[in-house]
Amino acid sequence: MKKVHSSRKWLFPVLVLALGASFFYTCQAMGKKAEGERLIRMQDSPQWKDGQFVNPQPLINDFWMALGSMFRQSVDVSPKDPVPVVFVEKSRFSKLPSSGLRVTWFGHSSSLIELDGVRVLTDPVWSERTSPSSWIGPKRWYPPLISLEDLPEIDVVLISHDHYDHMDLGTISKLKDRNILFVVPLGLGANLSYWGVPTEKIVELDWWETKKIKNLEIVSTPARHASGRYLLDNDKKLWSSYALLGNQHRVYFSGDTGLFPKMKEIGEKYGPFDLTMIETGQYNQAWPDWHIGPEQAVIAHSQLKGKVLLPIHWGLFALASHGWTEPIERVLEKSKELGVTVITPKPGESAEPGLKKDYIAWWPKLPYNSAKEDPILSSQLEENTASAR
C-alpha cells in the first residue's frame, strides 16, 4: 500500500478551512440589514420612499453601454510603471499643523484631514481589493502609504456610503477598538455593529443633521449616488457628502456624487470652503449621474464657494474604462477655464491649502479623451449641463 506523504494528508483539510474562512469573510463583508429602531428611524427619513432611499433627481443608467465599455477600456486604465508615492513616516503627525488645516491624501477617497485640532479619516480603505473577497475584485496599485497602527490619534472616521471602495471591513476591523467615533449615513451603523464596533462609537446622520466633536461640527449634506453591497440591498442605506466646520476652517468632502442642485444650497449654507475634496474619477457616459466627472467637479467646487480644490477618487483603483491619468488632466483643463485653484499632491504627500506651494505633475503624460470627446454630463440639469461644455 502506498504511503501518503505527511505534508499531503493535511492539504485537503487546510484547503477546506481556507475556503470556509474565505466564504465566512465574504458573507461578513456584505454587511447586515438594518432592523428595529435603526430601521424605524430610516423609514422616518424624508429620503426614504417605497422601501428604499431615493435621490431628488433619479440616476440614469445605460446597462448596455456600461457592458460595452468593459470591452473598450483605455490601454492606460491602470499604470504600467510604479506610481510615484510618498510613504508616510509616523513622525509627520507628531504635531498638528500650524496653519490649522492639513490634508494627507492616501489615494482614491481615503484621506486624513487635520482641521482646527481635530483629525478626521475619510472613507479609509487599507485592504488589497475593493471587494467582499480577498482574491477577486479591483486591486490597489500600491500598498497602503502608512500602516493603520502608525496613524496618529484619530477623532473621527467619516464614511460616505457603503460601497466596497469606501467602506472596508478589513480596515474597520483594525480601527474598531481605538478611541474613534464613526460618523456614517443612516443605516450604515448596522454594518458597523455587525463588524464589532461598539454602539456608543457609532453616529448615524440623515441629510442636514449635525454632530459636534470637540470644536468641529460635522454636517451630513446631500449627495447624488446610491448604496448596496450585494444585489438585494440596493439603496437600503443612505449616502452622504459632508461639510466639516471648524473654528477657523471649513472643508467639504463629496464622497461619491453626481452634479445636482443641492450643491448650490450646500455652498449657500456652509460656504465658503477653504478646501473642497471632490471625486473626479471612475466615470462613464453610461452612468453620468453616479459620478460627477472632472469638469463637473470643478463646476461643483465653484457652486460650493470653494477656495482650493483637491481632486479625489482617482489614483489607486481602476473602476472605470478611462485612462488612469485622465481625471486629473481634465480637471486641470477645466480649472484654468474657470480660474479655480487646484492642488495636486502625490499620494501620501501632505498639503496645507492655506500655504502657497507649486505642485508638479507627478503622473506620466499619457493620451486621454478630452471633455469634447467623452463628455460626462449629469442628467436633468439643463443649466449645469450647458456650463460643463
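The values are calculated or read from the model by the stated rules, or taken from the named source; none is laboratory data. Predicted model, so just to flag it, every value in this text is computed and none were measured. Every residue, glycine as well, gets a Cβ built from its backbone with ideal geometry; the counts of neighbours run over all protein chains shown. Note: accessible area is taken over every heavy atom of the protein model, side chains too, but ligands, DNA and RNA are not part of it. Shrake-Rupley method; radii C 1.70, N 1.55, O 1.52, S 1.80 Å.
How high is the relative contact order of the chain? Use alpha-carbon pairs under 8 Å, at least six apart in sequence, and give a whole percent.
Over the chain, the number comes to 19 percent.
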In segment 204-273, with Lys and Arg counted as +1 and Asp and Glu as -1 at Cβ, which of these residues, L232, S220, G258, has the Cα nearest the positive end of the dipole, that is, farthest along it? S220
Using only DSSP helix segments of four residues or longer, with each worth -39500 (n - 2.57), what per-residue ellipticity at 222 nm results for the chain after dividing by its residue count and rounding to 500? -6500 deg cm²/dmol
By the Cα gyration tensor axes a ≥ b ≥ c (a/c under 1.5 gives rounded; else a/b larger than b/c gives prolate, otherwise oblate), the shape of the chain is rounded
Place a point 7 Å from the Cα of R92 in the direction of its beta carbon; the residues of segment 158-181 whose amide N falls under 12 Å from it are none
Quick calc, K264 & E153: beta-carbon distance into FRET formula, R0 45 Å, rounding 0.05, result 0.80
Evaluate the distance, in nm, between pseudo-label points positioned 7 Å from the Cα of E200 and of F63 along their respective Cα→Cβ axes. 4.8 nm
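Suppose every Lys and Arg Cβ carries +1 and every Asp and Glu Cβ carries -1, with no other charges. What dipole size does the chain come out with about its Cα centre, to the nearest 20 debye? The partial results should precede the final answer.
Numbers: 45 positive and 45 negative charges, 243 e Å.
So the magnitude is around 1160 debye.
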Using the structure shown, select from K32/K262; K95/K336; K176/K212 the pairs with a Cα to Cα distance greater than 26 angstrom. K32/K262; K95/K336
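Using DSSP to define loop residues, name the chymotrypsin sites (Phe, Trp or Tyr not before Pro) in segment 214-269 whose beta-carbon has at most 14 other beta-carbon atoms within 10 Å. Show your work: numbers first, answer last.
Details: sites: Y230, W239, Y242, Y252, F253; in loops: Y230, W239.
Qualifying residues, ordered by number: Y230.
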Over the heavy atoms of M65, what accessible area does a 1.4 Å probe trace out, to the nearest 10 Å²? 70 Å²
Whole-Hz Karplus couplings 3J(HN,Hα) for segment 181-198, θ = phi - 60° and coefficients 6.51, -1.76, 1.60, Gly and Pro as x, run 9, 9, 9, 9, x, 3, x, 5, x, 5, 5, 4, 4, 4, 8, x, 6, x
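Checking the a/c ratio against 1.5 first, then a/b against b/c, what shape does the Cα gyration tensor give for segment 148-245? Mind dumping the intermediate values first?
Details: a/c = 1.81, a/b = 1.12, b/c = 1.62.
Taking the square roots of the gyration eigenvalues as a ≥ b ≥ c, segment 148-245 is oblate.
If you put +1 on each Lys and Arg Cβ and -1 on each Asp and Glu Cβ, how big is the dipole of segment 223-379 around its Cα centre, in Debye rounded to 20? Spell out each step's value before the answer.
Working: 18 positive and 18 negative charges, 72 e Å.
Dipole magnitude for segment 223-379 comes out near 340 debye.
Are there GluC sites (Glu not before Pro) in segment 73-154 that DSSP puts in a loop and that have at most 16 other Cβ atoms within 10 Å, and which ones?
On the way: sites: E89, E114, E128, E149, E153; in loops: E89, E128, E153.
Answer in residue order: E89, E128, E153.
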For Q73 and K372 in one chain, what is 0.36 nm times their gap in residues minus the Cα-Cα distance, to one decimal in nm? 105.8 nm
